[in-house]
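Written below as C-alpha cells is the structure these notes are about.
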Amino acid sequence: MPVSILFTIKNDIRMKTLALNYFLIAAIVISVAFTSCGSRGSGSASITADTNNNAQVNDDELWFDTGYGIKVTIATDRILSRFESESIVEFVYEDAPREKRIIFSTTTYLNDFKYLSVQIVYDEAAKEFFIVEEDVRYQLDKFEPESPFVVNFMQAGIAVYDGISFLDENNERRYFGIYDSNLGPEEEGYRPILLQEYPVGFLWDDEEENDNIFINYASYTNPDDLGGVGRDVINEDGEGFYIRIPYSSKDAQYISIGYDDDNNLYQDAVLLSLDEVPAFIIVDSPSETIPNRGISFIDDEGKRRYFYISFSGVDGSVSLSEFENNK
C-alpha cells in the first residue's frame, strides 16, 4: 500500500515552506536525470516545433517509462500517427496558457487513471517529498493500450502543478509528478517529459479543532481520492468511519471503553493497533447512546490521549471527545 502522510502547515509559514521546496524539487529532478534512461533534467519549457520535427530523434527513445506500464512523451505528429485518431482521448485546459501537448500511453490495462492538479511538499519531520492531490482534472475508469491520453501541458519554472495517479496491476495507487526536461534532443539520454513517483500526502491548516483529530462517516470522505486509506473491519455488519489523527502521534489504538462504579470512562481493551497510521477507516458498530468505542495515541509531547466516539441525537453526526482514562 502506498505511504500516506498528513501535513499540518501553519498559514504564516506555508509560503515559506513551498518556496524552499522549489529548490529541493530541483535537486530531485536532477537525481531523476541519472536513472537507467540516461542523463535527464528538469525546469524549462524549451521544446519547440523544430524539435518535434527533428528526423534524427528516434521516437521510441523519447518515451519516459514509469515501470508500471504507463509512459509519457511529447505528442508529436509522428507519435500520434501510431494510434487510430478516434481512439485518442484528449483533455484541453482552457483556463491557462499551455504551450505543448503530451501523450500518455500504457502497455497494460490499468484502472482509475487520473490527471491531477497537485502540490509537491517537503515534510521536515519525515525528511521526504510528498505529493498532495488538489483536484482531479480528468479521469479514465479504464486506461487501455489502444487509447492514449493527450493533454496540453506547461511547467512554470521548477514548481510542479500537474500529476497523475492510477491503480497498478496489484491494485495499489501510484502518484507521479510531471516535469519538463531541460536537455536538448542532441544530448545523451534525452527525454522531453519526466515523471517522478512520490508517496501521497494531505494538507490542512492547524487551526482545525482538536489538533487535526477528525472522524466522519467513510461514505462522506471518498477515501479512494485520499490515496487508498486502509480499511480494518471489527464488525462486518457495522458502519465505516474515517478517522484522522495528528501525523506526529505514535502508537495509535482503536479501543473499547468501559465504565467503573462511578460511571467514569476507561480503556477496556485494545481492539486494533494502528501504529504510525495517521488516517484509517474502521468498520464497526459503536453504541449511539452510551460510548463504547474510541481511539488513543501518544502525542508529540509523549502523553497518551483518549477519545470516545459519540453521536448527535439531533442529526446523527459523529464526533470524537477527549476523556481521562480512569484505570
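Selection over the stretch 243-258 of residues that are crowded, with 19+ Cβ neighbours inside 10 Å and either among the polar types (S, T, N, Q) or at pLDDT 85 or above (or both) gives a count of 7.
The condition of being in contact (Cβ under 8 Å) with a residue 12 or more places away in the chain, under 21 Å from the mean Cα position of the chain (by Cα), under 27 Å from Thr76 (Cβ atoms) and in the same structural domain as Val92 (by TED's automatic domain parsing) holds for only one of Tyr138, Tyr122, that being Tyr138. Search the stretch 314-327 for residues being surrounded by 13 or more Cβ atoms within 10 Å (Cβ to Cβ) and at pLDDT 90 or above, and hand back the single one that is farthest from Gly258 (Cα to Cα). Only one residue fits best here, namely Phe323. Screening Asp180 with (1) modelled with pLDDT of 75 or more; (2) loosely packed, with under 15 Cβ neighbours inside 10 Å; (3) among the charged types (D, E, K, R) gives one miss only, at (2). Is it the case, given these coordinates, that Gln139 is touching a strand residue (DSSP E or B) at 6+ places or on another chain (Cβ under 7 Å), assigned to a strand (DSSP E or B) and more than 17 Å from Glu90 (Cβ to Cβ)? Criteria not met by Gln139.
Please note which strands (runs of 3 or more DSSP E) are completely contained in the stretch 251-299 and include at least 2 residues that are farther than 18 Å from Phe214 by Cα and touching a Ser or Thr at 6+ places or on another chain (Cβ under 7 Å).
On the way: elements: 265-273, 279-284, 293-298.
Because the criterion is at least 2 residues that are farther than 18 Å from Phe214 by Cα and touching a Ser or Thr at 6+ places or on another chain (Cβ under 7 Å), the strands (runs of 3 or more DSSP E) in the stretch 251-299 that meet it are 265-273.
If you check Phe311 against the conditions, is it among the aromatic types (Phe, Trp, Tyr), at pLDDT 90 or above and not assigned by TED's automatic domain parsing to the domain that holds Glu172? Answer is no for this residue.
Assess whether Asp261 counts as being at positive phi and out of contact with any Pro (no Cβ under 8 Å at 6 or more places or on another chain).
Details: at positive phi: no; out of contact with any Pro (no Cβ under 8 Å at 6 or more places or on another chain): yes.
So Asp261 fails the test.
The values are calculated or read from the model by the stated rules, or taken from the named source; none is laboratory data. Values in this document were obtained by computation on a predicted structure and should not be read as measured data. FYI the Cβ positions are ideal-geometry reconstructions off the backbone, even for glycines, and counts take in every protein chain you see.
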